[in-house]
Amino acid sequence: MTKQELIDAMASKTGMSKIDSQKALQAILDSIISELKRGGTIQLVGFGSFSVDVRREREGRNPQTGKKIILPEKKIAKWKPSKNILD
């Protein structure tokens, strides 16, 4: 499902216009992104939780040369689905 298809589905299920659905979806995404940038966690009961984790510095290899390289520490976004979705 693309973003536009999600907007269309939101509009048909809620009776909102497509423009209002697009604004609502963008507001939700902006809120999630800003909270994750602050290092927070978002918990949506029945859906899952979003959080930020840190991937430690580690050793890797350049696939072209086989030379060892150090991959720096990196922040990553994680999503853990709720039990309802997994069942």
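The values are calculated or read from the model by the stated rules, or taken from the named source; none is laboratory data. Remember, it's a predicted structure, so these values are computed and weren't measured experimentally. So basically every Cβ, Gly included, is an ideal-geometry build from the backbone, and we count neighbours across all protein chains shown. Surface areas here come from the heavy atoms of the whole protein model, side chains and all, with no ligands, DNA or RNA. Shrake-Rupley method; radii C 1.70, N 1.55, O 1.52, S 1.80 Å.
Below is a table of values for the structure above.
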read-out: Those residues of region 25-52 which are open to solvent by less than 50 Å² (accessible area, probe 1.4 Å), under 22 Å from Leu6 (Cα atoms) and polar (S, T, N, Q), in sequence order; value: Ser49
read-out: Flag if Ile7 is without any contact (Cβ under 8 Å) to a residue 40 or more places away in the chain, surrounded by 13 or more Cβ atoms within 10 Å (Cβ to Cβ), among the aliphatic types (A, V, I, L, M) and in a helix (DSSP H, G or I); value: yes
read-out: Members of region 66-83 that are in a loop (DSSP other than H, G, I, E, B) and more than 19 Å from Arg38 (Cβ to Cβ); value: Gly66, Lys67, Pro72, Ser82
read-out: Residue match in region 53-74 (condition: under 18 Å from the mean Cα position of the chain (by Cα) and open to solvent by less than 50 Å² (accessible area, probe 1.4 Å)); value: no
